[in-house]
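Before any comments, here is the structure.
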Amino acid sequence: MFLWDQWKKNFDTWEAATAQVVETWMRSPFVVGPSGTFLAAAMKVKTATDAAKAAWWAEMGLPTKRDQERVLHLLNQLQSKVMDLEELESR
């Protein structure tokens with residue numbers, strides 16, 4: 001048990017020191033600026049890719065994600081109405 005307690009104490013000391021260094025480094029403008037720029041570029045690429053995929057699916061005559069969500073919403077509304085009617089009927 002002594003070995004485990006000693007190891008845990010040493011790990012906690014190392015972790016606290018490392019966390020302080022990493023936190024300082026992550027708040028640095030040399031990290032935050034480029035990270036933000038990279039994230040913005042990645043999101044633009046994702047948006048363009050998603051739009052291209054949706055256009056391709058639509059050209060193939062298949063339902064896009066938006067089409068599927070619209071149909072699921074309508075099905076949910078119909079299900080709610082049916083449940084309401086069944087509840088009224090059971091009264």
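The values are calculated or read from the model by the stated rules, or taken from the named source; none is laboratory data. Fair warning: this is a prediction, and the values are worked out from it, not measured in the lab. Heads up: the accessible areas ignore ligands, DNA and RNA and are worked out on the full protein's heavy atoms, side chains in. Shrake-Rupley method; radii C 1.70, N 1.55, O 1.52, S 1.80 Å.
Restricting attention to the stretch 14-29, the residues being open to solvent by 90 Å² or more (accessible area, probe 1.4 Å) and part of a helix (DSSP H, G or I) number 8. With respect to the stated conditions, LEU75 is modelled with pLDDT of 95 or more, open to solvent by 90 Å² or more (accessible area, probe 1.4 Å), among the hydrophobic types (A, V, I, L, M, F, W, C) and in a helix (DSSP H, G or I).
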